[in-house]
Amino acid sequence: MQTLAIVGASLAGLSAARAARAQGFTGRLVIIGDEPHRPYDRPPLSKDFLLGTVTAEDLLLESGTDDLEAEWVLGTEAASLDASSRTILLMDGRTVQADGIVIATGARARQLPVLAGLSNVFTLRTLGDAQSLAPELVPGSRMAVIGAGFIGAEVASAAASRGMEVTMIDTKPVPFAAQLGTEMGGVVAGLHAANGVELISSAVIEDFYSGEGNVSGLRLAGGRYVATDVVVVGIGAEPNTGWLEGSGLELRGGVLCDAMGRTGLPGIVAVGDCAAWFDEAVGTHRRVEHWTGARERAALAVEALLDADAAPKPAKPHYFWSDQYGVKLQFAGHSAGYDRLEIEVGDVLTHSCLAVYYRGDVPVAVLGMNQPRLFTKWRRSLQAPAAATSAPQGAATTARPHTRPADQHNRQAACADASALVGAAVVS
């Protein structure tokens, strides 16, 4: 292979470039990005950057030890792909032909078309988005956050920390339930309530009020009116795959890939937020829109690209983290289908605890709230099937049904009580 082209200049693209050089690729390396910036770290955009504790320069991902010897083609989007010749057409008319291609074009924030273009309505995905939103975090002003996913929750946390009056509006009965389950989703909702953020659940926005290009308020089904000075739309992301239409790649909620990132077309792999890898843990294709997925899976995809006979390697368990109101949330594994939740350590009411999700007697996921050391031990145990049925060394052990000690029963009851109390408090 003489030329390797990476389409996407964020974490997944940079990680793929590093992996290619580390795995011995010495040929021409071209990195294409639609933004004018060199690769930067996105997670702090909704946290430290909005709070003003880091600058754009602090976010840069390249280090002094990087020696990629790459050609950077920045500030222009990919327009189309001819997969047979592996030729990428750019929006500015240039073309890049390669022997191997890594697709790492990421995702874009989903919009609400009815609010698009209004001057006080924001999404948060890029550095430019964050730079536009940050000056709007003014103490005493009002913010409406549409969507209670992690981006919405982190923006709400930053805004409340800045002294804003924040209302989160969500269509689901319990936020974060898809990732954390209803019990711990309710506990995280309680964290927002404890910090003065109102969460309106099971809500439908019927209309909005505007004047001079701004939104002044939102009317919900049932008649409730939410006045606001700033609106942030955090309703998820859509993969950037439109440029691949007609290329022959299978696109279904992302670029469909096997468990190593292979697309089924020779010389083309995909990684990061645009890629729907086959996940053996759940038996289906899924996109993993998290930092660790972009970083860790890039090396697997590059290995599959450089070595057609590369043996499949098990992916690490699903992992993500979030920082909200000074509480570090860390989650690993898959909570879908769990039938038992145990609070191993701590107290959900103080938002410092470690919860383990079980399917039968097997731990399948773990959530830590301000428990980084113990969480790390449990996360490692999820990666080792032989150890999956026992607690990691140093962790509090969990007795099985009919022998659970009283203190464990009390912690479990506290979790149930907290979820019930939170549900009564946040659903308006």
Subset tally (residues that are more than 23 Å from D273 (Cα to Cα) and of a type in the set (D, E)) for region 113-162: 1
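Kindly establish whether L4 is in a strand (DSSP E or B), buried (at least 19 other Cβ atoms within 10 Å of the Cβ) and of a type outside the set (G, A, S). It would help to see each step written out before you state the result.
Working: in a strand (DSSP E or B): yes; buried (at least 19 other Cβ atoms within 10 Å of the Cβ): yes; of a type outside the set (G, A, S): yes.
Taking the combined requirement at face value, the residue satisfies it.
Only one of these is assigned by TED's automatic domain parsing to the domain that holds S10 and touching a residue at least 60 places away in the same chain (Cβ under 8 Å): A281, A301, A227, A259. Name it. So that I can check it myself, show each step before the final result.
On the way: A281 fails: touching a residue at least 60 places away in the same chain (Cβ under 8 Å); A227 fails: assigned by TED's automatic domain parsing to the domain that holds S10; A259 fails: touching a residue at least 60 places away in the same chain (Cβ under 8 Å).
Within the list A281, A301, A227, A259, the selection yields A301.
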In region 364-376, residue surrounded by the most Cβ atoms within 10 Å (Cβ to Cβ) [restricted to those that are under 15 Å from K316 (Cβ atoms) and not aliphatic (A, V, I, L, M)]: F375
Residues satisfying the stated conditions in region 236-252, i.e. among the aliphatic types (A, V, I, L, M) and surrounded by fewer than 19 Cβ atoms within 10 Å (Cβ to Cβ): L251
Region 86-97, subset touching a residue at least 12 places away in the same chain (Cβ under 8 Å) and not in a strand (DSSP E or B), residue farthest from I268 (Cα to Cα): D92
Scan of region 154-163 for residues that are surrounded by 24 or more Cβ atoms within 10 Å (Cβ to Cβ) and hydrophobic (A, V, I, L, M, F, W, C), ordered by number: V155, A156, A158, A159
Residue under evaluation G253, criteria (1) under 27 Å from M168 (Cβ atoms); (2) free of Cβ contacts under 8 Å to residues at least 60 places away in the same chain; (3) assigned by TED's automatic domain parsing to the domain that holds V356; (4) in a loop (DSSP other than H, G, I, E, B), criterion not met: (3)
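For region 133-143, which residues satisfy the criterion of being under 21 Å from the mean Cα position of the chain (by Cα) and either free of Cβ contacts under 8 Å to residues at least 24 places away in the same chain or crowded, with 22+ Cβ neighbours inside 10 Å (or both)?
As a first pass, look at region 133-143 and keep what is under 21 Å from the mean Cα position of the chain (by Cα): 133-134.
The one that is under 21 Å from the mean Cα position of the chain (by Cα) and either free of Cβ contacts under 8 Å to residues at least 24 places away in the same chain or crowded, with 22+ Cβ neighbours inside 10 Å (or both): L133.
Of everything in region 42-64 that's free of Cβ contacts under 8 Å to residues at least 40 places away in the same chain and in contact with a helix residue (DSSP H, G or I) (Cβ under 7 Å, 6 or more places away or on another chain), which residue is farthest from L4 (Cα to Cα)? Don't jump to the end; show me each part of the working.
Pass one, region 42-64, residues free of Cβ contacts under 8 Å to residues at least 40 places away in the same chain: 44, 48, 53-55, 57-58, 60, 63-64.
Still in the list and also in contact with a helix residue (DSSP H, G or I) (Cβ under 7 Å, 6 or more places away or on another chain): 44, 54.
Numbers: P44: 30, V54: 34 Å.
The qualifying residue farthest from L4 (Cα to Cα) is V54.
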Number of the condition not met by V255 [criteria: (1) aliphatic (A, V, I, L, M); (2) surrounded by fewer than 14 Cβ atoms within 10 Å (Cβ to Cβ); (3) under 30 Å from L81 (Cα atoms)]: (2)
Residue under evaluation T292, criteria (1) β-branched (V, I, T); (2) within 30 Å of V188 (Cβ to Cβ); (3) surrounded by 19 or more Cβ atoms within 10 Å (Cβ to Cβ), criterion not met: (3)
Scope region 9-38; condition under 17 Å from the mean Cα position of the chain (by Cα) and either in a loop (DSSP other than H, G, I, E, B) or under 15 Å from E77 (Cα atoms) (or both); matching residues: S10, G13
Enumeration of residues in region 198-218 that are among the small types (G, A, S) and touching a strand residue (DSSP E or B) at 6+ places or on another chain (Cβ under 8 Å): A203, S210, S216, G217
Residue match in region 344-363 (condition: closer than 29 Å to S157 by Cα, charged (D, E, K, R), modelled with pLDDT of 85 or more and surrounded by fewer than 17 Cβ atoms within 10 Å (Cβ to Cβ)): yes
Of all residues in region 97-119 being buried (at least 19 other Cβ atoms within 10 Å of the Cβ) and more than 19 Å from F150 (Cα to Cα), the one that is modelled with the lowest pLDDT: L115
Considering residues of region 170-189 that are surrounded by fewer than 22 Cβ atoms within 10 Å (Cβ to Cβ) and under 22 Å from I205 (Cα atoms) only, the residue nearest to the chain's Cα centre (by Cα): A178
Which listed residue, of G360, G346, G337, is in contact (Cβ under 8 Å) with a residue 24 or more places away in the chain and more than 23 Å from the chain's Cα centre (by Cα): G346
Region 199-230, subset surrounded by fewer than 17 Cβ atoms within 10 Å (Cβ to Cβ) and acidic (D, E), residue farthest from V348 (Cα to Cα): E212
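The values are calculated or read from the model by the stated rules, or taken from the named source; none is laboratory data. Computed from a prediction, not measured in an experiment: that's the story for all the values here. Heads up, the Cβs are rebuilt from the backbone with ideal geometry, glycines too, and the neighbour counts pull from every protein chain shown.
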